[in-house]
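Beneath this line is the structure, given in structure tokens, with notes to follow.
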Protein chains: 2
Amino acid sequence: MPRPPSTPEVQRTSAARDRILEAAFALFYARGIRAVGVDLIIAESGVAKATFYKHFPAKDDLVVAYLDKVDGVWTGQLRAAAEAAGPDPAGQLVGLFDALGTACRREGYRGCAFINAAAESQPGTAVHDRTVAHKAAVMAWMSGLAEQAGAHDPGSLARSLALLLDGGLASGALDASPDAPEAAKDSARILVGSTVRPRGRRTALRS
Amino acid sequence: MPRPPSTPEVQRTSAARDRILEAAFALFYARGIRAVGVDLIIAESGVAKATFYKHFPAKDDLVVAYLDKVDGVWTGQLRAAAEAAGPDPAGQLVGLFDALGTACRREGYRGCAFINAAAESQPGTAVHDRTVAHKAAVMAWMSGLAEQAGAHDPGSLARSLALLLDGGLASGALDASPDAPEAAKDSARILVGSTVRPRGRRTALRS
DNA sequence: GTCGAGGTAGACAGACCTGTCTACCTGAGG
DNA sequence: CCTCAGGTAGACAGGTCTGTCTACCTCGAC
């Protein structure tokens, strides 16, 4: 092992790699994964083919990197929307649905990148697994919030809210009507209210 | 117009056509639309290539026929589940979620065929339009039920239940855990109950 | 100044995909 | 008997896709 510690086999980060990933991010989301060939990504990112295959030995590796990027972005937006709703966990569970409204309103919105990717992949593949992992992570986060909010059955509440969120993500891409996110938020409020018992101020339960 | 009335240009129904559609139904759903070539469908249905292209001049025509078939099947299951819940419209709105549970439990379940198809198609195409039309039809039906049930805002209730349904359809394909359909049904009960006012028997409102 | 990592440019192989076309078969109605 | 709709079998054209490979460039570290 004479390799110095700062020379990984393939650089994990570089300008070329970033450009590839950025082009893939836009193209995969807008047109679907199978519909976008590597040649198009190469042309769009202004990179040589050899460079592409040095960073991503197979197209699937790029797809996984794309999903990881989406995960980072979407998780961030969800957390930001929740925090913007204030310190109350129950309110955060409702407020996170503002991220859905913002996403649906965005030009070129085409649904949940993960669900779309899963629709194009087979169970057991790396791509499919990323989707499952992402959804599980989001639900775990909501479950924690539900517990802090003093929900009767935090896992069940989180599951229900996840259904609402996924449903909004999916149907927001179909009819452009903005009342889907709104309905999702209203429903979330009802669902949260039904297990958290709004009167009673359970927030400071533990102290 | 010398054409006798019983000789359409291309027969709308025939054994060969049915076999093609049946093979397409299974393959498109299991593997995705783009992932299945016409050659595979031809081989699987035991039909000649010329016959295939006589019935479906382009692959997209077959895709549309596939979606129409899915629409018939799924709509039927939804209505059957609703009717099995009894004559009460509010109960039917909850009971239709049993169709979701049944679907998710089925071997090889891979989510909503329409959402999956939309993920692989562009807005404005015939395939995408079918998806939008299907979702609108389901929601219109639920909206009618909600009105009969005396919901305060039937359209809004139908929208919320549609979110739950689509969310269940989407996530049922990801984690195989059977509690997604259950959570959807429980949430539906709460949502229906919150606008229909369970005590008060609003069912016979209009007579 | 030399060496090597990272990049560019593009030809190429081999697979697969849609859609067309020719040639032949079969069976029922007139 | 003969015709013709509907079907079979499969070659073929033209395009696209992934992934490999050769040849050359550039710039910073040693």
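The values are calculated or read from the model by the stated rules, or taken from the named source; none is laboratory data. Note that the structure is predicted; figures quoted are calculated from it, not measured. All Cβ positions, even for glycine, are placed from backbone atoms using ideal geometry, and neighbour counts span all protein chains on display. For the accessible areas, the whole protein counts, side chains as well, though only heavy atoms, and no ligand, DNA or RNA atoms are used. Shrake-Rupley method; radii C 1.70, N 1.55, O 1.52, S 1.80 Å.
Listing for the model above:
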{"quantity": "Loop-exposed trypsin sites (Lys or Arg not before Pro) per DSSP, neighbour cap 14 Cβ within 10 angstrom, longest uninterrupted part of chain A", "calculated": "A:13-105"}
{"quantity": "Gain on full stretching of the segment that runs from A:Arg31 to A:His152 - 0.36 nm per residue minus C-alpha separation", "calculated": "39.3 nm"}
{"quantity": "Rounded to the nearest 10 Å², the accessible area of A:Glu120 at probe 1.4 Å", "calculated": "30"}
{"quantity": "Spread of Cα-to-Cα distances over 10 Å intervals beginning at zero, given as percent, for chain A", "calculated": "8, 30, 29, 19, 11, 4, 0"}
{"quantity": "Three-way shape label, the range B:9-57, alpha-carbon gyration tensor, a/c 1.5", "calculated": "prolate"}
{"quantity": "Label geometry 7 Å along the beta-carbon vector: A:Arg106 inter-copy distances in nm", "calculated": "3.3"}
{"quantity": "Geometric extent, Cα atoms of the protein assembly as shown - Rg, Dmax (angstrom)", "calculated": "23.8, 89"}
{"quantity": "Shortest-first distances to equivalent copies, position B:Asp88, nm, label 7 Å out along Cβ", "calculated": "3.2"}
{"quantity": "Accessible-area value, A:Cys112, 1.4 Å probe, nucleic acids and ligands omitted, Å²", "calculated": "10"}
{"quantity": "Inter-label distance, nm, simple model (7 Å from Cα along the C-beta direction), A:Tyr53/B:Ala133", "calculated": "4.5"}
{"quantity": "Rounded to the nearest 20 debye, dipole of the protein assembly as shown from Cβ charges on Lys, Arg, Asp, Glu", "calculated": "380"}
{"quantity": "Residue (of A:Gln92, A:Thr131, A:Met142) at the positive-pole extreme of the range A:69-189, dipole from beta-carbon charges", "calculated": "A:Thr131"}
{"quantity": "Within 10 Å of each Cβ in A:116-128, the average number of Cβ atoms from other chains", "calculated": "4"}
{"quantity": "Computed accessible area, A:Asp60, all protein chains, 1.4 angstrom probe, square angstrom", "calculated": "90"}
{"quantity": "Cα long-axis angle, helix B:15-31 against chain B (0 to 90 degrees, to the nearest 10)", "calculated": "60"}
{"quantity": "Difference of contour (0.36 nm per residue) and Cα-Cα distance, A:Asp68 to A:Glu44", "calculated": "6.6 nm"}
{"quantity": "The range B:58-72-the range A:99-156 distance, computed between alpha-carbon centres (Å)", "calculated": "29"}
{"quantity": "Within a Gaussian network of chain A (alpha carbon springs, distance under 10 Å), most fluctuating of A:Ala146, A:Ala48, A:Ala30", "calculated": "A:Ala48"}
{"quantity": "Ascending list, in nanometres, of distances separating the B:Glu44 label from those of the other copies (7 Å, Cα toward Cβ)", "calculated": "2.9"}
{"quantity": "Two-site label geometry, B:Arg79 and A:Ala126: point separation in nm, points 7 Å out along Cα→Cβ", "calculated": "4.7"}
{"quantity": "The protein assembly as shown - mean residue ellipticity at 222 nm from DSSP helices (-39,500 (n - 2.57) per run, n ≥ 4, rounded to 500)", "calculated": "-22000 deg cm²/dmol"}
